[in-house]
Every structure is written in structure tokens, then in C-alpha cells.
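Read through the structure below, which is laid out as C-alpha cells, and then see the notes.
The values are calculated or read from the model by the stated rules, or taken from the named source; none is laboratory data. Since we're looking at a predicted model, the values are computed, not measured. Every residue, glycine among them, receives a Cβ derived from its backbone with ideal geometry; neighbour counts consider all protein chains shown. Just so you know, the surface numbers come from the protein's heavy atoms only, side chains and all, with ligands and any DNA or RNA stripped out. Shrake-Rupley method; radii C 1.70, N 1.55, O 1.52, S 1.80 Å.
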Amino acid sequence: MLIAYVSDENFVALSDVAVELVGANVSLATRSRASGAVHADVPPGHYTVFLSCPGYGSKHGEIDVTPSRPAQLRLLRDTLLGYAWPKWARAGSE
């Protein structure tokens, strides 16, 4: 069953992401496919999900698995995403 999609901050699919699902009576490890899809044979319900991929920050969170509505999971890159514009930041201001 398709339970989620994994992507980066720009919604580009991430493949081979390590995914761990932990529920009331279920603990399962799987990986995302080339399309970013995560498939697992688990009953619908509430799960804690752990994500890990080289070059991206690891993440964990809560998802509700339903057959008709896959979750969208996003990871952020380990690189710098932007700079503060000097005219917007003033020393001593909050």
C-alpha cells in the first residue's frame, strides 16, 4: 500500500530514503522508490515515522496512514539555503 511520498524542500522526489514506521504493534523499515513513493504493508492507523538520507537532515514525525491519502514528507538539504540581506538585519535590533 502506498503510504507516503518523500521529497526535498523544492518538492523534488527523493529515492532510497531510509524510512522506519513505528506503531502500536508494528515496527517496519523500508526505503523510498525512484518516484519518492513509500510502500509498506501496514494497517491504517497512527504511526511515528523516521526518515534518513545522506545529504539531508534526518527527521521524525507523526503520520496517519490511510489507503486513499498518502502523506507528503519533506527533508531539508544539509547545505546553506540562503543569506540574510545586510540592509534587513541591523546590529542590536530584535
Tabulate in residue order the Karplus-calculated ³J(HN,Hα) for the stretch 21-28, using 6.51 cos²θ - 1.76 cosθ + 1.60 with θ = phi - 60°, rounded to whole Hz; enter x for Gly and Pro.
10, 10, x, 4, 10, 10, 9, 9
Taking only protein heavy atoms and a 1.4 Å probe, what accessible area per residue, in Å², does the chain have with all protein chains in place?
69
Per-residue HN-Hα couplings for the stretch 51-62, Karplus 6.51 cos²θ - 1.76 cosθ + 1.60 at θ = phi - 60°, whole Hz, x for Gly and Pro?
10, 8, 8, x, x, 10, x, 5, 8, 9, x, 10
Taking only the Cα positions of the chain, the convex hull volume per residue in Å³ is 132
Where the only charges are on Cβ atoms (+1 Lys, Arg; -1 Asp, Glu), what is the dipole of the chain about its Cα centre, to the nearest 20 debye?
280
